[in-house]
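A.B. asks: Supplied in structure tokens, the structure appears directly below.
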Amino acid sequence: MKTLLSFLFSALAFAASAQTAPAKKMYPKTVKAPAPRDTSLCNKNWVLIAVEEWAVEAKPNKKQADDYLKMTGDGKFKMKRNGEDKAGTWTKTGQYIFFTDDASKEKFNYKVESADAKTLKADYHVSDMHTLFTYEAR
């Protein structure tokens with residue numbers, strides 16, 4: 001009788017463990033879909049019209065005369081900042097746009113101070129220096 005009971009308990013334990021193992025393989029954890037990109041700033045040619053440093057706003061200097069920013073919905077960007085061409089990928093979290101330049105692997109970010117259909121104001125911060133760029137959509 002003891003042998004029969006121990007055999008039944010063993011068989012039940014084995015059956016229970018055999019049923020849960022395949023269930024884990026058949027139904028893997030759900031993978032979260034990536035968050036949709038904020039595309040409100042995309043597909044516009046943002047042209048630099050003003051630069052503010054140390055609370056003094058001025059027109060772009062000669063080096064910045066042709067500066068622009070263009071972002072696409074697929075996470076790519078092209079820009080000219082201080083006369084230097086940059087291109088790579090971007091993501092946005094909250095007020096911050098994070099850029100990675102493909103060529104130099106440089107990572108930098110802009111904090112969006114304000115944005116509407118025609119104007120974008122973005123703060124670029126390096127060390128103890130803040131530069132507020134004002135772009136206009138064209």
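A.B. asks: Return the long-range amide H neighbours of T89 (sequence gap of 5 or more, or a different chain), with a cut-off of under 5 Å between placed amide H atoms.
C.D. replies: Amide H to amide H, under 5 Å and 5 or more residues apart or across chains, T89 pairs with F77, T100, D102.
A.B. asks: May I pose another question? To the nearest 20 Debye, how big is the dipole of the range 46-137 about its Cα centre, given +1 on the beta carbon of each Lys and Arg and -1 on that of each Asp and Glu? Spell out each step's value before the answer.
C.D. replies: Values: 15 positive and 16 negative charges, 50 e Å.
Result for the range 46-137 is approximately 240 debye, rounded to the nearest 20.
A.B. asks: Per residue of the range 74-85, in order, report the coupling 6.51 cos²θ - 1.76 cosθ + 1.60 (Karplus, θ = phi - 60°) as ³J(HN,Hα) in whole Hz, putting x for Gly and Pro.
C.D. replies: 8, x, 9, 9, 9, 7, 10, 10, 6, x, 9, 6
A.B. asks: If a/c stays under 1.5 just call it rounded; otherwise compare a/b with b/c (prolate if a/b is bigger, oblate if not). Do that for the range 90-138, with a ≥ b ≥ c from the square roots of the Cα gyration tensor eigenvalues.
C.D. replies: Details: a/c = 1.81, a/b = 1.40, b/c = 1.30.
Because a/c hits 1.5 or more and a/b exceeds b/c, the range 90-138 counts as prolate.
A.B. asks: How would you order 75-82, 57-64 from highest to lowest mean count of nearby Cβ atoms within 10 Å? Can you show the working numbers first?
C.D. replies: Working: 75-82: 17.1, 57-64: 11.9.
In descending order of packing, they fall as 75-82, 57-64.
Laboratory data are not the source of any read-out in this text; all were calculated from the coordinates shown. On a predicted model such as this, the values are computed, not experimentally measured, just so you know. Don't worry about glycine lacking a Cβ; one is built from the backbone with ideal geometry, like all the others, and counts go over all protein chains shown.
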